[in-house]
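> What follows is a single structure, and I will ask about it in a moment.
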Amino acid sequence: MSFPPIEFKKGRLKLLDQRLLPGRETWLSCDSAEETAKAIREMVVRGAPAIGIAGAYGLYLGIRDFKGTPAAFRKRLSQKARILHEARPTAVNLPWALERIQGKIALSRGLSAEELKSQVLDEAQQIQKEDELLCRGIGRHGAPLFQKGNSFLTHCNAGGLATSGYGTALAVFYTLKEKGKRFHVYATETRPLLQGARLTSWELVRSKIPCTLVCESAVASLMRAGKIQKVVVGADRIAANGDTANKIGTYSIALLARAHKIPFYIAAPSSTFDARIATGSRIPIEFRKSEEITEGFGRRTAPRGIRVENPAFDVTPHELITAFITEKGVIHAPYKKNLKVLSHGYPF
């Protein structure tokens, strides 16, 4: 199954509004870099690879109508890239995609502004096409790790909705299904925005993959009861030593998996690895507005005046990670050495 959340046709960017799922499937049109940045910030589109793809197209929208010299074009490109870069800080795919396009333009000499525009669009389209291949590769390399009859746990949404359409962690499940393997998935509800309940469950039900929705607070009991054999989650940024930022609550699940001797896997494309950051302590963590907790989905559930802390991500130390499932294969410790095989993202 494929659930592409991004379409770019006839010069228009359309995003599946993930805030409205599973109730409504509504597509939002973006016609500028500013509108794209707003859609990323407000989580119309989310998931590290999908944010990167949307940002790349948003950068093209920012310069599409530009008229002027190549030098002025590059200045405009940089301005629009800054606007998009600031939309969300943790997921590395967004700055990676923007810097990749700017790097290509910086090396393109002797071209007109119109020719440079075409290069920006071509690169954005290439990023989307590459992500489709990367996700398929993750599924292909990850599937052999798991046995018939396994029950998996996944957290947040690392499916097609978070990528070009096939997913990272969920790519493993989709590949297993394509191979006719029998298995079961436990999906965490994922507070406070319920990406597991609203998005992962939606994908799995539509794919006819057996799935059970649980609260994060039930994970320890499920593990102790022997109902979970493997954990597979995605990632938003991975440091050079393997420390991994992912949706808040991932660290807790990794600790529980270690306590119950359950393998804990990160599934991510090489574009999510950031060798410029040595350890997870340097990964910027996004803090979101308090209303996501106190007034989730428009209904107040906490008293006015209560102090709120709402980190969107946490960092799982590399020593809790069994292996990384990537499009280039399964990578085991020592991560500082073995992750150097990846060269698609920020170079190691």
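Derivation of every value follows stated rules applied to the coordinates shown; laboratory data play no part. Quantities reported herein were computed from a predicted structural model and do not represent experimental measurements. No Cβ is skipped: glycine too gets one built from the backbone with ideal geometry, and neighbour counts run over all protein chains shown.
> Under a plain spin-label model, where a point goes 7 Å from the Cα along Cα-to-Cβ, how far apart in nm are LYS67 and LYS289?
3.8 nm
> Another question about this same structure. In nm, what is the difference between 0.36 nm times the number of residues separating LEU133 and VAL341 and their Cα-Cα distance? Don't skip to the answer; put the middle values down first.
Numbers: separation 208, 0.36 × 208 = 74.88 nm, distance 1.76 nm.
In short, 73.1 nm is gained.
> Can you list the equivalent-ellipsoid semi-axes of the range 230-313, largest first and in whole Å, using the square root of 5 times each Cα gyration tensor eigenvalue?
29, 17, 11
> Another question, if that's okay. Suppose we keep just the DSSP beta bridges with both residues in the range 141-341; what percent of those would be antiparallel, to 5?
Percent antiparallel among DSSP bridges in the range 141-341 is about 35.
> Which FRET efficiency value, to the nearest 0.05, is calculated for ALA218 and SER29 with the Förster distance at 35 angstrom and r the Cβ-Cβ distance?
That pair, ALA218 with SER29, gives E of 0.35.
> Now a separate question. Given the range 73-163, report the % of alpha carbon pairs whose separation exceeds 24 Å.
Distances greater than 24 Å cover 39 percent of the Cα pairs.
> At 0.36 nm per residue, and after removing the present C-alpha to C-alpha distance, how many nm does the segment from GLN125 to LYS148 gain when stretched out fully?
Values: separation 23, 0.36 × 23 = 8.28 nm, distance 3.69 nm.
Once the chain is fully extended between GLN125 and LYS148, it gains 4.6 nm.
> In addition: Give the calculated FRET efficiency between ARG276 and ARG206 to the nearest 0.05, with a Förster radius of 41 Å applied to their Cβ-Cβ distance. All intermediate terms of the calculation are to be shown ahead of the outcome.
Values: r = 38 Å, r/R0 = 0.92.
That gives a FRET efficiency of 0.60.
> Sticking with this structure for a sec: Do any trypsin sites (Lys or Arg not before Pro) in the range 142-216 lie in a DSSP loop with no more than 15 other beta carbon atoms within 10 Å, and if so, which?
LYS148, LYS179, LYS181, ARG182, LYS208
> Going 7 Å from the Cα of PHE297 toward and past its Cβ, which residues in the range 21-50 have a backbone nitrogen under 12 Å from where you end up?
In the range 21-50, the label zone of PHE297 (backbone N under 12 Å from the point 7 Å along Cα→Cβ) covers 21-24.
> Rounded to the nearest 500 deg cm²/dmol, what is the calculated helix-only ellipticity per residue at 222 nm for the chain, with -39500 (n - 2.57) per DSSP H run of length n ≥ 4?
Taken over the chain, the calculation gives -11000 deg cm²/dmol.
> Can you compute the radius of gyration and Dmax for the range 6-136, using only the Cα atoms, both in Å?
Cα-based Rg and Dmax for the range 6-136 come out at 14.2, 51 Å.
> Kirkwood hydrodynamic radius of the chain from all distinct Cα pairs, in Å?
20.4 Å
> Report the percentage of all Cα-Cα pairs in the range 141-341 whose separation exceeds 28 Å, rounded to a whole percent.
Above the 28 Å cut-off, the range 141-341 has 25 percent of its Cα pairs.
> Using the crude model of +1 on Lys and Arg Cβ and -1 on Asp and Glu Cβ, and no other charge, please compute the dipole size for the range 6-136 relative to its Cα centre, in debye to 20.
Dipole of the range 6-136, to the nearest 20 debye: 240 debye.
> Once the other residues with Cβ under 10 Å from the Cβ of THR175 are scored (Lys, Arg +1; Asp, Glu -1), what is the net sum?
That sum, taken over residues with Cβ under 10 Å, equals +4.
> Taking every DSSP beta bridge with both residues inside the chain, roughly what % is antiparallel (nearest 5)?
Here the share of antiparallel DSSP bridges comes out near 50 percent.
> Still on this model: Once each part is reduced to its C-alpha centroid, what is the distance from the range 310-333 to the range 254-299 in angstrom?
10 Å
> Sticking with this structure for a sec: Can you classify the range 197-262 as rounded, prolate or oblate using the Cα gyration tensor, where a ≥ b ≥ c are the square roots of its eigenvalues, rounded means a/c under 1.5, and otherwise it's prolate if a/b beats b/c and oblate if not?
oblate
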